[in-house]
Number of protein chains: 2
Amino acid sequence: MDLKKMLADAHVKPYLLKARFGIEKEGQRVDLAGNLAETDHPECIAKRDEHPYIQRDFAETQMELITPICETLEDLFNYLSAIHDVAHLTMGKQEMLWPLSMPPQLPKKEEDIKIAKLKNFQSVLYRRSLSKSYGRRIQMISGIHFNFEFAEELIQTLFNLQSEFKNYRQFKTEIYLKVTRNYLHYQWFVTYFYGASPLSEKNFFDNDCLTKPVRSIRNSKYGYSNHDDVHVSYSSIEKYITDLTQMVEKGLLIEEKEFYSSVRLRGGRQVADLADHGVRYMELRNIDLNPFETIGISYEQAEFLHLFLLYMLWKDEGNHCDEWVKEGDALNEAVALEHPLSHTQLEQDANAIIKEMEQLAEALNLPVSDTLFANLKEMLQDPSKTLAGKLYQKSEESCQADLATSIAKENYKSAWDKPYQLTGFTDMELSTQILMSDAIQQGIKIEILDRQDQFLKLQFNDRIEYVKNGNMTSKDSYIATLIMENKTVTKKVLQQHGFRVPAGEEFNRIEQALRSYDMFSTKAFVVKPKSTNYGLGISIFKDGASREDYEEAIKIAFQEDSSVLVEEFLSGTEYRFFVLDDKVLAILLRTPANVEGDGKRTIEELVAEKNRDPLRGRDHRTPLEVIQLGEIEKLMLKAQGHKIDSIPKNGETVYLRENSNVSTGGDSIDVTDQISDDYKKIAVDAVAALGAKISGIDLIIEDITVPASDKGAYGIIEANFNPSMYMHIYPYKGEGRRVTTDILRYVFPEIN
Amino acid sequence: MDLKKMLADAHVKPYLLKARFGIEKEGQRVDLAGNLAETDHPECIAKRDEHPYIQRDFAETQMELITPICETLEDLFNYLSAIHDVAHLTMGKQEMLWPLSMPPQLPKKEEDIKIAKLKNFQSVLYRRSLSKSYGRRIQMISGIHFNFEFAEELIQTLFNLQSEFKNYRQFKTEIYLKVTRNYLHYQWFVTYFYGASPLSEKNFFDNDCLTKPVRSIRNSKYGYSNHDDVHVSYSSIEKYITDLTQMVEKGLLIEEKEFYSSVRLRGGRQVADLADHGVRYMELRNIDLNPFETIGISYEQAEFLHLFLLYMLWKDEGNHCDEWVKEGDALNEAVALEHPLSHTQLEQDANAIIKEMEQLAEALNLPVSDTLFANLKEMLQDPSKTLAGKLYQKSEESCQADLATSIAKENYKSAWDKPYQLTGFTDMELSTQILMSDAIQQGIKIEILDRQDQFLKLQFNDRIEYVKNGNMTSKDSYIATLIMENKTVTKKVLQQHGFRVPAGEEFNRIEQALRSYDMFSTKAFVVKPKSTNYGLGISIFKDGASREDYEEAIKIAFQEDSSVLVEEFLSGTEYRFFVLDDKVLAILLRTPANVEGDGKRTIEELVAEKNRDPLRGRDHRTPLEVIQLGEIEKLMLKAQGHKIDSIPKNGETVYLRENSNVSTGGDSIDVTDQISDDYKKIAVDAVAALGAKISGIDLIIEDITVPASDKGAYGIIEANFNPSMYMHIYPYKGEGRRVTTDILRYVFPEIN
């Protein structure tokens, strides 16, 4: 079986880089001073031991972030970044994540390291046994587990190219065994470049057994490693299983998962399943946290690992496979314990490997980042460029703990800077980002079915719900949304249910409309084309109109549409009620773009000041939009006798827009608690009349202190079937209402 | 109270013509020879005595068509026309409606006239009493009841202009009383122009009591009239009620509704309610069927009645109101019994009235049809132009019965000519027209909320359902339709549920797509932009592709969209499965536009012949579209070595299109019974997987004789949330499946 030849086959080519990836990343929670957190794992994610995204590892302080299985590295990094954001938001503002594999200063007494307070007693028992076998300190080391699976199509195509194996599962297992043996032999290569645990903090070592800096404590005998008499063969899957089972039976391992190899072969839930199902994927466990990356690993590193695993598949292995692996252990131990700034004793071998990988990439026409090989070469020539080298050198400037604390704080800041954003998914709509953040926190699995279309598949246990745009769900009927989509129909349905809507007439002939002048002449009314399009053709008469003006308005409207509405103009303030399942969750008042004078600064300066708010941005990427100073704003200022360099009086509010849309710089003000229950009941009943479950319904209220039952107290303008949610969550003023969480609880009542 | 002045007030003007209308139209069912039908009222509408649209009057053969209350005469006529269509379709092809007020030849024995077989025994008893009082023959006369209500705004505005009445309800009642008294005084005017019962048929009169032709038997003492001692005063509502009640108490009337005045005042359910609620509207009962209109009344007639009622409101009445009414009775009797071709004795008065009405219309600036007054004048000058005159004259040519039979047949033909159309609503989508037709038949009340948007409100008893486009209902969830709307999401969901969909890859970068050539090179596949737009940028390779062709196809697709799909091409035949509530109701095979040769005619001739089918039309106004002979068709012919004047061999099928859309002249063939249950189960299960209740799902099947469980036996292309229904109902070949009825039964299970 000539894998080198097979990998170069044209049939294999399209699938060469197809793979599936997953990451588990551990990290210690610390307070803002960099001390190990004394708090428990956050309650809202602690509800479930088996949270799909955020769990605890050995200790209560040790967070483990878990990505879903991803088809691309882009996806993998998006998810890992997002889960990091959620971890930060969930820990709250008093905690952050320690960026190093080596833990921060540990408590003097080992028993003060708290074992994870899991619900499952078996899991707690296991951790207690680990404490006994290895001590709690060593278990506080964190790292990254990189799960990797070749694409099924790749293995299938390779299988078809050979005749040695008749059984596909056996072939597949052999593929993974070969890669594993080679990886174990060459793992020192990874340790050299990406090892990143040169120093330990106080109270890590019982005695000062390791006095000099190294490349990777974690990957050395001082880190996570089994007792010397644990040996497992990778010669065949049967041998691997038998060895592991025996180790457990002999009591050398508490459980199979205590086997701390740099590679773990994965199949079913336990090792014995490998015999039945074969190897499904492999787990690389020798990756130290990269302190210079917010998420603990760089994209280039992941790309390298992918390429390296392909190379391990391609490369011939030693004849005696157990020896081959054993040699690898020794080489790795040697490199791990080298000084971080020293050249490695295996420099020549490393050079050869880089060259060979480069050739392989070229031969197979694999797309690789431009910098990958250049960086490897540079790190090889200059050990201070390796992760361990860099970390050690920077730590020398003050100390590793201070460095780690300041890195943690940077990461903390960037997570809290724009809490409305979910890193990795910032191209999606804000409301969807926030809903996804909530879903990750609640442990609801997310699959993005169509990214541009904001189409999510959510799963909790076995139940699936699809959600689009954050609020389009299985709970609303199609017809209810169609009713809301059609303003005329909405009005008719509400009117028939006894709600006040603007009275009006629809005209299909201009003469018919003109004849009706006297119906409106002295009233406040609006003339508009039935299908409004960016406000074209709309005329508003707040105090009646002359016959000439009326005729003019009718003619203008008929230029836009063959149907024209003349509607009562409702005076008062417009409020947006967010209604979910017969409850008003939030009420928002929107005001046009404005600044408040201080008697000193110009309007331009006041606008610039207001725009500095991190909530303000452009193109709906933030909860509020910056205030513009364009033509429309200048005209509006002019009408009030202002220019952009006018200095408004102290306390004077200057409006820059007539319309109150948030999208043109308007302010959003939460007034949920200020509006009395009778208006909330109107909103709830109106949404129910439309047959809807989720709606943003707009009420005009003249005076909120007047009872809703008074004649003309309110009027309903429209109901929105896709109401903005982020504006309620991050209002300009007032309390944020996290309606996305309510949506999730509504579609998944079982999460409560 | 100067009503003349009040009506001229500017405030009144916009509301002058606002009113509400309703029509009840009786008519006898006859067979195609014009003989009184011997069948029962059609079963599907006989289920309910109180059917909102189609009931029985006195006799089992006497259909009463009832419009809903309408705000405009246009609406009124649309509904009446539609209900006529439905009445025809419901009676079936062996019956038609007699177009005259006077019944066709009656059975010799009076007891052979069958009283309506109503479920309500009270109603049957009432009819038996009528038989005793008046005889059954007289009850067989039919006519139109015209319900009229002034707009509330009109009466309210008039009320505001006076001070005589303090109580609005009293004022409103007085308005109707005045109009009624005047109408009764001047009813002869209506009888002259629109009376249309000059002759009776055999066995109508017991003895030949009326030997000469008249203007209106129905409006004379020979028609529907109470016994001489029935007198009711219109001087006040109290008097009116007391008189009526007394008549019943004395046994002169069986029930209040037996009072056969030309005007009935309407309030609540019974006359006594008038005391509490006042008069709400009035019912004109003296309108003979207009035999020259399919629906028994012309638009101009209705317009006249509206104007005449306004005139009656405007016109001063006589001082002694009971006398005034009594005089009217006498005048009407005189005019009704005039010879239909003679000038009326009241010609001068009539002239004066026309002139005054004309002046009124001008003074109040009322829009009136150009022809209305001209026609009245002409009819006054030339009695042969009146309805009675025309009918009499035409009857003289052969006999009235033959004339009526041939008119009935014309009406019958036009109803059956395009059974897929619902007259009055032909601007709406076909499927909606058919659904409305079904709703009328099932007695489900229809309100059109938005006509252009095909938005209906349906009501059965107290339950309301909204339906848009005939199949968008409350039964489907919003998210299910969104899943179906998004082809990518549909595919993913179906795939995750184990259904076969075209395998494929989505590419966002051109290089990535080009690299994947080997994945498809030898397969049948399609390259297409993710968002397809009229087929732009799609390339199909049925037998693999060269690298150059593949690259070209990828580039073309990327010109249309930033995402490109390369998808497996499924070979086989595409079938549309119409699924409703977990059942397959219909399966359609669509074939491209084609003609079958006869060895004699040219393609052009064959196309012309095929296009003659009344099912074929243009712009989706018919179930099938005409076959074009444009550029595309000519190119297609050329590719087969044909021209439009080629003569295909006998039995040869020549295709004029590649695509099988019905909209480009394709044929639709019902194959519901030919497809085996296992494929139907696939369709049902797939729709269920999408969470949908109503869907048109497209399956590609290679060979329908092969079990669906065979590998690759089928593939699902897409699911449509707004599937065309009319193509299943009126296919080109095969059995029509009236899926609209199933939709109605689904949203209103209680109608069964």
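Side notes on the structure shown:
- For chain A, calculated [θ]222 nm from helices alone, where every DSSP H run of n ≥ 4 adds -39500 (n - 2.57): -11500 deg cm²/dmol
- Rounded if a/c under 1.5, otherwise prolate or oblate - segment B:442-570, Cα gyration tensor axes: prolate
- Accessible surface comparison of A:Asp229, A:Asp288, probe 1.4 Å, protein chains only, largest first: the order is A:Asp229, A:Asp288.
- Computing FRET efficiency as 1/(1 + (r/R0)^6) for B:Asp427 and B:Asn365, where r is the C-beta to C-beta distance and R0 is 25 Å, gives about 0.25.
- The residues packed around A:Leu360, meaning those with a beta-carbon under 12 Å from its beta-carbon, carry a net charge of 0 if Lys and Arg are +1 and Asp and Glu are -1.
- Full extension of the chain between B:Asn160 and B:Gln270 yields a length gain of 36.7 nm, computed as 0.36 nm times the residue separation minus the alpha carbon distance.
- Shown here for segment A:210-315: chymotrypsin sites (Phe, Trp or Tyr not before Pro) in loop regions (DSSP other than H, G, I, E, B) with at most 16 other Cβ atoms within 10 Å, namely A:Tyr260, A:Phe292.
- Simple spin-label estimate for A:Leu32 and A:Asn120 in nanometres, 7 Å along Cα-Cβ: 3.6 nm
- When A:Lys166, A:Lys491 are compared by accessible area at a 1.4 angstrom probe, the order from most to least is A:Lys166, A:Lys491.
- When the chymotrypsin sites (Phe, Trp or Tyr not before Pro) in segment B:520-578 are filtered for DSSP coil states and for at most 10 other beta-carbon atoms within 10 Å of their beta-carbon, the remaining sites are B:Tyr534.
- Spacing of the modelled spin labels on B:Gln459 and A:Arg451, each 7 Å from Cα toward Cβ, amounts to 5.1 nm.
- Assigned charges on the beta-carbon of Lys, Arg, Asp, Glu; segment B:230-342 dipole about Cα centre (debye): 280 debye
- A probe of 1.4 angstrom, applied to the heavy atoms of all protein chains, finds A:Asp678 with accessible area near 60 square angstrom.
- Listed by chain and number, the lysines whose alpha-carbon sits under 16 Å from that of B:Lys487, ignoring those within fewer than 8 places in the same chain, are A:Lys457, A:Lys468, B:Lys528, B:Lys530.
- In this structure, the residue pairs whose Cα-Cα separation is over 24 Å, taken from B:Lys212/B:Lys315; A:Lys491/A:Lys523; A:Lys114/A:Lys257; A:Lys119/A:Lys257; B:Lys25/B:Lys109; A:Lys5/A:Lys178, are B:Lys212/B:Lys315; B:Lys25/B:Lys109.
- Overall form of segment B:330-454 per C-alpha gyration tensor (a/c, 1.5; a/b vs b/c): oblate
- Taking only Cα atoms of the protein assembly as shown, radius of gyration then Dmax in Å: 42.5, 135
- Computed from the C-beta positions of A:Asp206 and A:Glu333 and an R0 of 22 Å, the FRET efficiency is 0.60 to the nearest 0.05.
- Note on A:Glu323/B:Gln512: beta-carbon distance plugged into 1/(1 + (r/R0)^6) with R0 of 35 Å gives a FRET efficiency of 0.25.
- Both radii are taken from the alpha-carbon atoms of segment A:503-568; with Rh as the Kirkwood radius, Rg/Rh is 0.91.
- The simple spin-label model puts a point 7 Å past each Cα toward its Cβ; for B:Glu256 and A:Glu609 those points are separated by 7.5 nm.
- Cα shape, segment B:291-368, gyration tensor, a/c 1.5 rule: oblate
- Tail beyond 47 Å, pair distance distribution of chain B (Cα, percent): 36 percent
- Under a model in which nothing but the beta-carbon of Lys, Arg (+1) and Asp, Glu (-1) is charged, segment B:450-490 shows a dipole of about 60 debye around its Cα centre.
- Among the listed pairs A:Lys4/A:Lys326; B:Lys390/B:Lys418; A:Lys475/A:Lys711; A:Lys117/A:Lys390, those whose Cα-Cα separation exceeds 31 Å are A:Lys475/A:Lys711; A:Lys117/A:Lys390.
- Segment A:3-417 - accessible surface per residue (Å², probe 1.4 Å): 41 Å²
- Restricting segment A:673-752 to trypsin sites (Lys or Arg not before Pro) in coil, as DSSP defines it, with at most 15 other Cβ within 10 Å: A:Lys711
- Counting only protein chain heavy atoms and rolling a 1.4 Å probe, the accessible areas of A:Lys4, A:Lys108, B:Lys638 rank, largest first, as A:Lys108, B:Lys638, A:Lys4.
- Basic side chains Lys and Arg get +1 at the Cβ, acidic Asp and Glu get -1 at the Cβ, and with that the dipole of chain B about its Cα centre reaches some 680 debye.
The values are calculated or read from the model by the stated rules, or taken from the named source; none is laboratory data. It should be emphasised that the depicted structure is a prediction, and the values quoted were computed from it without experimental measurement. Note: ideal-geometry Cβ built from the backbone for every residue, glycine included; neighbour counts use all protein chains shown. Only protein heavy atoms, including side chains, enter the accessible area calculation; ligands, DNA and RNA are left aside. Shrake-Rupley method; radii C 1.70, N 1.55, O 1.52, S 1.80 Å.
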